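Right, one structure below, let's go through it.
The values are calculated or read from the model by the stated rules, or taken from the named source; none is laboratory data. Keep in mind it's a predicted model, so treat the numbers as computed, not measured. Glycine gets a Cβ as well: all are built from the backbone with ideal geometry, and neighbour counts include every protein chain shown.
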Amino acid sequence: MRKLTHFLLKRSGSLLLLAVLLVALSQLGQGLWIFAKAKLAQYLIAESWQISLALKQPSKPWAWADTWPVARLQWPAENVDLYVLAGAHGSSLAFGPGHLQQTSLPGSEQDLGAIISGHRDTHFKFLSKIKPGHRIKIQTMDGVWHDYLITTSRIDNIKQQTLQALPGLQLVTCYPFDALQAGGDLRYIVRAEKMTKLQTFASL
């Protein structure tokens, strides 16, 4: 009887270990699948941006996409290279920073103010490092690169202050950067002004 009990306990322990192992492998497989999808999405977005540049009109990264790249954002000092997508909603922000469509496109001649939003723990994590005086670059759909100078950064409570488009560019993300939960009322806002060709040349 004692031997049978020992055998059953040993067997149930092995089955439990096998079950845990299968769950772990399943979770790992899901994680790898999500990672693979994210990598594939970035490749398709990069390809659609090249098509957009060639045609000078928007091109969707995949047939059923509800967003498309509208600009390319770079911070060469930190090797940041991102495609800005149309719309600042959940399905676009999952793949990159999103442009608020009711605001001007960055780099546009009629500069009524562009706002680009991104997640604090992924695409816009770099905002925690950027300071006034730093320079970023924006490429528009006509292939032209525009230099922007970071001027200010601030923290706003969206329940107390409405985010308004101002001449230039505003990069917006949730705050604080190390918050355990996403969302919240605080937003970290970095403002940048488009540099003239003369300013760009003088700073070289």
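Looking only at the stretch 78-90, decide whether some residue is within 24 Å of GLY133 (Cα to Cα) and part of a helix (DSSP H, G or I).
yes
Restricting to the stretch 141-171, give me the number of residues that are farther than 17 Å from MET195 by Cα and assigned to a strand (DSSP E or B).
So the answer is 5.
For the stretch 130-144, what are the residues that are in contact with a Phe, Trp or Tyr (Cβ under 9 Å, 6 or more places away or on another chain) and of a type outside the set (A, V, I, L, M, F, W, C)?
Across the stretch 130-144, the qualifying residues are HIS134, ARG135, LYS137, GLN139.
Can you pull out the residues in the stretch 95-117 that are of a type in the set (A, V, I, L, M, F, W, C) and not in a loop (DSSP other than H, G, I, E, B)?
Answer for the stretch 95-117, where residues must be of a type in the set (A, V, I, L, M, F, W, C) and not in a loop (DSSP other than H, G, I, E, B): ALA114, ILE115, ILE116.
Return the only residue of LEU105, LEU73, LEU100, LEU112 being crowded, with 21+ Cβ neighbours inside 10 Å and either under 21 Å from LEU166 (Cβ atoms) or in contact with a helix residue (DSSP H, G or I) (Cβ under 6 Å, 6 or more places away or on another chain) (or both).
Numbers: LEU105 fails: crowded, with 21+ Cβ neighbours inside 10 Å; LEU100 fails: crowded, with 21+ Cβ neighbours inside 10 Å; LEU112 fails: crowded, with 21+ Cβ neighbours inside 10 Å.
It is LEU73.
Would a scan of the stretch 130-140 turn up a residue that is assigned to a helix (DSSP H, G or I), at pLDDT 95 or above and either of a type in the set (S, T, N, Q) or surrounded by 21 or more Cβ atoms within 10 Å (Cβ to Cβ) (or both)?
Checked against the condition, which is being assigned to a helix (DSSP H, G or I), at pLDDT 95 or above and either of a type in the set (S, T, N, Q) or surrounded by 21 or more Cβ atoms within 10 Å (Cβ to Cβ) (or both), the stretch 130-140 yields no hits at all.
Which of (1) in contact (Cβ under 8 Å) with a residue 60 or more places away in the chain; (2) assigned to a loop (DSSP other than H, G, I, E, B); (3) farther than 24 Å from THR162 by Cβ does ARG120 not meet, given it meets every other one?
Answer for ARG120: the failing condition is (3).
If you scan the stretch 66-77, which residues turn out to be farther than 14 Å from TRP49 by Cα and in a loop (DSSP other than H, G, I, E, B)?
Across the stretch 66-77, the qualifying residue is only ASP66.
Please name all residue pairs, on different chains or six or more residues apart, with Cβ atoms under 7 Å, provided the first residue is in the stretch 42-69 and is over 21 Å from ILE116 (Cα atoms) and the second residue is among the small types (Gly, Ala, Ser).
Close Cβ pairs satisfying both conditions: ILE51/SER59.
Conditions (1) touching a residue at least 12 places away in the same chain (Cβ under 8 Å); (2) under 19 Å from TRP75 (Cβ atoms), marked per residue:
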| residue | (1), (2) |
| --- | --- |
| PHE124 | yes, yes |
| LYS129 | yes, yes |
| PRO132 | yes, yes |
| MET141 | yes, no |
| TRP145 | no, yes |
| SER153 | yes, yes |
| ASP156 | yes, no |
| ALA165 | yes, no |
